[in-house]
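Right, one structure below, let's go through it.
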Protein chains: 2
Amino acid sequence: MTSKSVTIVGGGISGLKAAHVLLQSGVFTKDDIVILEAQNRLGGRIKTDRELSKLGVPYDLGAAWFHDALTNSVLYDSIENGTFVPLKDGYFDDKDIAIYAREHDGPLDTNNWKLARVLEDMEKYMELYYMEGLDVKDMSLDDFAKVYVDKYKAFLTPEQLRYCSRLLRYFELWFGIPSYEILAKYAPMDHQGRNLYDKKGHGFAVDHLVSQIDCEIRKETQVTRIQRDVKGARRHRLELADGSFVDTDYVVVTVPLSILKLQEGPQNIVWEPPLPQPVTEALDKISMGALGKVVLEFDIIWWDKTQDRFDIVPDEVSSHGQVPQSWEYPIYIINYARVFPGTASLVILTQLPVTEYLELHPAQAWQYLKPMLLKLNVSSFSVPDPINTIVTDWTKNPFARGAYSAIRTGECPDDVIIQLSGEHDGVGLGAGLTIRFAGEHTIADGGGCIHGAYDSGKRAAEWIVEHAK
Amino acid sequence: MTSKSVTIVGGGISGLKAAHVLLQSGVFTKDDIVILEAQNRLGGRIKTDRELSKLGVPYDLGAAWFHDALTNSVLYDSIENGTFVPLKDGYFDDKDIAIYAREHDGPLDTNNWKLARVLEDMEKYMELYYMEGLDVKDMSLDDFAKVYVDKYKAFLTPEQLRYCSRLLRYFELWFGIPSYEILAKYAPMDHQGRNLYDKKGHGFAVDHLVSQIDCEIRKETQVTRIQRDVKGARRHRLELADGSFVDTDYVVVTVPLSILKLQEGPQNIVWEPPLPQPVTEALDKISMGALGKVVLEFDIIWWDKTQDRFDIVPDEVSSHGQVPQSWEYPIYIINYARVFPGTASLVILTQLPVTEYLELHPAQAWQYLKPMLLKLNVSSFSVPDPINTIVTDWTKNPFARGAYSAIRTGECPDDVIIQLSGEHDGVGLGAGLTIRFAGEHTIADGGGCIHGAYDSGKRAAEWIVEHAK
C-alpha cells in the first residue's frame, strides 16, 4: 500500500508534463507524486528508435513533426530551454509535394494543372458546406468529394476532374483511417503554422522532461482498477496488476483513448463505480485511428533527392477486399535523402486498414509498396530491394491499440472534449472532481498531437495545484 | 417634379441589382422606380473597355475577377442565366506566381525556398496575433512584418529573411494602398474559393442586368441634395443638378464611399437634415484605396508566356519621396499572353501613391515600369517599347475618386457596416428608415468586390419590398 497526493496514470508526454508542472508549483514535493506506466518505457506514442537503422539514422515511429509551428508549446518550451534549435534540429519539409499516379509517368504537372488550388477549394468548401446549417447531412470524405465534384464540375479541367477526389484522400494520412470512414465535417484542419519535422527525434522532449522530474516513476506498473471516493473520504484507490494499491488524493488519467474505451481484457481499467453514462456515451463517439509507418533503407538513392516528400494517389476504383491491395490507398512518403542529406531511406505513412495488415505481416511491406514506389525511380537502374525494413507496431501494442484518436462517420468529438477536458465546470470524476484526464484525446487545440497532449497534462496539473491551494 | 415610389441613386451594379429585385418582386411596377446615374455610363467601377486596345482585346479597367468563386453570387447568377460559362468565358489564373526582385536574375526559386509557405505563415500569424486579445496594438502591415520576423527569425532561412516582408507587400495590390498604410488587423482575407478572371469583361454582367430592367434610367443625372421626411410625410425629396426634383417614398443610395465622405464641391450631396453623427463618424473610419491598372501592348511577346501572373517585389529600403520611384512599390502583372493565348499584352496593377501619379502622368507609365519589367525578359532581343499604353483614371474621375474602400491604420470598417448595411435594427435614414444604402462599402461579405455590391443592392431592395408589403 502506497499513499500519494497525486497519482499520474501513464508516462507519456501528457503525464510527464503534468508531473513537471506539479513539481514546479511548490505545492507538492517529489514524495507526493508518482507516475505509473504500464509499459517498460516512457513516452507513449512518442518513440524514437536509434537502433533498428542500418544507416545510423533515428526514426520516430510515433509522432515526428512539430505541427502548428506558430503556436506549438513543446516546440517553444524546447527552444527556450535550449534543447531544440529550429533550423539545425528540425526541417520544414513543406516544399510542394511531388504527386504520382499509376496511369501517369513521372510526377503529375501539379502547378500547371493547379491541383493544389483545387484541393484548397475542396477544403474551403468542406467548411462552407457545414456552415450552411446544422442539419447538413453527416457524410464520409469520399461522399463529400462527390458532392463537390457534382456541384463544381463546370469549374474543373479534365486533369482536375481526374485527380481531385483521389488527391483529397491525403487526409487519410493525417487521420490514419480510410476516406470512406473519415467524417467530412471534422476533416478541415485550421493549422496554426507550418509543420517542422523533428530531425532530433521527438524522444529528446521526453528525455528532457524526465530529467526535470525527480518524483517516483514506476515502469511496468499497470493500473487495473480505479475506485473513487473510497470510504467517502474523497480519496481514491488504484489497484495495480501485482495486487498492490495506491491511495491518492488526485488522479491524472492519461491512458490512451483505446484503453478508456475497453470493456474487458487484461489492459482494461475497472472503474468503481463504473464510468458515468455521459462519459461512456462520449467515448462511444470517438475512436482510434492507426497511422502506421514503414521505413525502407536502401544501398543507394534511386528517387529524386531534391523532393521533401511524395504522395502516391490511389486508383479511382478499388475492391476493398479483406487484404489491402497496392494502389487501393494513398501513401505519403518522407524523403530522408532530403531531411538527412545523402541518407538512402524512405519513410512511408499508412492508414487503416493497411497499417493493421502491414503490422501483422511486416514481411509483406515491400511487396505491397513496391509497385507504387517504382513510380519514383529516376535512376538508370532497376529499383533494388531494401536492405532494411522497419514496420511500426501500434495496432499490435495492447497498451496503444492504434496511433491516436480519429473521427469516423456517425461520431462526434465534442462530447469527449466536454467530458474529459476539465474545461467545463462539474466534470472530472469523484465527489471533489479530483480525478482528471489528459492526453491527445482530451483537448481540442492540438488534439492528436504531442503539443495537445502536453498542454492537456499542464491543464490537469494546474487544476490540481489550484485546488490543493 | 417627378414622383416615384423608389429612387435609386447610382447606376453601378448595386443600384442595377436593386432595381432588378424591386421589379421582379411584383410589388412595384416599372413606373414606380427610377435610377439616377451622375455619369454618362452605367456600371460604376465595372468598366470593360473594348475600344482602346490595338490588339482587339477587352480590358476591364475596373473589377476583373470573380473572387470567392465558391460563393460568388454574380458568377452563379450569370452561369444560371446562361451569360457565363466558367471555363470558356473565365480563366483561373492562379498558377503559382512567378516572383522577381531587382537583385536576382530570373524568377526567385520560390518552391525550393518555400516562400509561399512563409507567406501563409505570416498571414496565419496575423490572425493569431489579433486573436490574442482586444488590446493588441493597431499597426501597419509593414510594422506587422517586423513583429513576425522578430518573433520567428530562428525559423527563417536567409532567403526567407531576405524576401518575406517584401513579399507580404502583395497585399498592396489587393487593397490599392501602400503597406505602411494598410491596417494589419484587417488585412487577412478569408477567401471563399479561387479567383476566376473574367475573359468576357465584367461589363457583360452590367449589360445583362440592364437588359432585364425596364424602369427609367437617367444618365448624366446628378443628385445634389437629399431632404428626408419633407413636410413630415415620410416622403423624401431629391434635388438634381439641373434644379428639378424627385419626390419618393424610398431611396437606395449607392454612390461610392468617396462621395458619401465629401463635405463640399460639385459632386457633394447635401443632406437635409445633415447625416447623423454615428454615420459621419463611421465614414471617418474608412477610406478609399486606388487600385489602378496600366495596360501595355506590344508587337511581340518577350516574357514567359506559360506564367499566369508575375509579382515584382520592391527593394527593401525606399525613400518615399514625392514622386514614386521604380522598385519602391510591388507590382502585380496579369499575363494576357496566357489568359488570351498569343496576346502580346501585360496588365499591371498599381497601388497608391503610384496609381495617382500614373493616372496624372500616363506618359510616365512606361518609364516607371520598364526597369522592373525588364526582369521578365526571356527573349533573345531587347525589350521593345509598347505599341499602346492604357492607364486607368479612377483617381481623376470626380464621381469615383479611387477604386474601392480600404482600411488604413487608425481606421475600422465595423461601424460603417453597422450604420449602412441595414442589417441591424433601427439603421437606415428617415423616420421610417426608408433611405437605404448599398455598394461595395456597405457589406462585410464581398466588401470591395462586385458580388458584395450586387448582394448589397439585393439586400436593400428586399428590405423595401418587405416594408412596402
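Remarks
- Wholly enclosed helices (runs of 4 or more DSSP H) of the range A:69-156 bearing at least 3 residues within 11 Å of chain B (Cβ to nearest Cβ) and open to solvent by 60 Å² or more (accessible area, probe 1.4 Å): A:115-131
- Any hit, the range B:159-167, residues being in a helix (DSSP H, G or I), within 14 Å of another protein chain (Cβ to nearest Cβ) and surrounded by fewer than 18 Cβ atoms within 10 Å (Cβ to Cβ): yes
- Only residues that are at the interface with another protein chain (Cβ under 9 Å from one of its Cβ atoms) and open to solvent by less than 10 Å² (accessible area, probe 1.4 Å) were counted in the range B:189-209, giving 1.
- Residue count for the range B:37-68, restricted to those that are within 14 Å of another protein chain (Cβ to nearest Cβ) and farther than 22 Å from B:V294 by Cα: 1
- Pick from the range B:413-426, criterion in contact with a strand residue (DSSP E or B) (Cβ under 9 Å, 6 or more places away or on another chain) and without any contact (Cβ under 8 Å) to a residue 60 or more places away in the chain, ranking: farthest from B:A38 (Cα to Cα): B:G422
- Output for the range A:42-54, where each listed residue is surrounded by 17 or more Cβ atoms within 10 Å (Cβ to Cβ) and part of a loop (DSSP other than H, G, I, E, B): A:L42, A:G44, A:R45, A:I46, A:K47, A:S53
- Matching entry among A:Y152, A:Y180 (being assigned by the TED database to the domain that holds A:R117, touching a residue at least 24 places away in the same chain (Cβ under 8 Å) and within 22 Å of A:G289 (Cα to Cα)): A:Y180
- The range A:293-350 - residue that is within 22 Å of A:L196 (Cα to Cα) and out of contact with any Phe, Trp or Tyr (no Cβ under 9 Å at 6 or more places or on another chain) and, of those, farthest from the other protein chains (Cβ to nearest Cβ): A:G342
- Checking B:Y180 against (1) assigned to a helix (DSSP H, G or I); (2) surrounded by fewer than 19 Cβ atoms within 10 Å (Cβ to Cβ), the condition it does not meet: (1)
- Subset of the range B:383-412 [more than 22 Å from the chain's Cα centre (by Cα) and either in a loop (DSSP other than H, G, I, E, B) or without any contact (Cβ under 8 Å) to a residue 40 or more places away in the chain (or both)]: B:V383, B:P384, B:D385, B:P386, B:I387
- Hey, A:Y170 more than 30 Å from A:D242 (Cα to Cα), more than 12 Å from chain B (Cβ to nearest Cβ) and either open to solvent by 40 Å² or more (accessible area, probe 1.4 Å) or not small (G, A, S) (or both) or not: yes
- Close pairs from the range A:264-280: first farther than 23 Å from A:I418 by Cα, partner open to solvent by 40 Å² or more (accessible area, probe 1.4 Å), Cβ under 7 Å, at least 6 apart: A:Q267/A:P398; A:Q267/A:F399
- Residue tally, condition under 23 Å from A:P274 (Cβ atoms), touching a Ser or Thr at 6+ places or on another chain (Cβ under 8 Å) and assigned to a helix (DSSP H, G or I), over the range A:413-450: 5
- Qualifying helices (runs of 4 or more DSSP H) (wholly inside the range A:265-382; at least 2 residues being at pLDDT 95 or above, open to solvent by 30 Å² or more (accessible area, probe 1.4 Å) and outside the structural domain of A:V255 (by the TED database)): A:354-360, A:365-373
- Any hit, the range A:28-41, residues being of a type in the set (S, T, Y) and open to solvent by 10 Å² or more (accessible area, probe 1.4 Å): yes
- Complete set of residues in the range A:20-41 that are assigned to a loop (DSSP other than H, G, I, E, B) and on the phi < 0 side of the Ramachandran plot: A:S25, A:V27, A:F28, A:T29, A:E37, A:A38, A:Q39, A:N40, A:R41
- A:A233 meets the conditions (1) surrounded by fewer than 19 Cβ atoms within 10 Å (Cβ to Cβ); (2) more than 26 Å from the chain's Cα centre (by Cα); (3) not in a loop (DSSP other than H, G, I, E, B) in every case but one. The failed one is (3).
- With respect to being touching a Gly at 6+ places or on another chain (Cβ under 6 Å), charged (D, E, K, R) and over 30 Å from B:D150 (Cβ atoms), A:D32 falls outside the description.
The values are calculated or read from the model by the stated rules, or taken from the named source; none is laboratory data. Given the structure is predicted, the values throughout are model-derived calculations rather than measurements. Cβ coordinates were reconstructed from backbone atoms using ideal geometry, including for glycine residues, and neighbour counts include every protein chain displayed. SASA here: full protein model, heavy atoms, side chains in, ligands and nucleic acids out. Shrake-Rupley method; radii C 1.70, N 1.55, O 1.52, S 1.80 Å.
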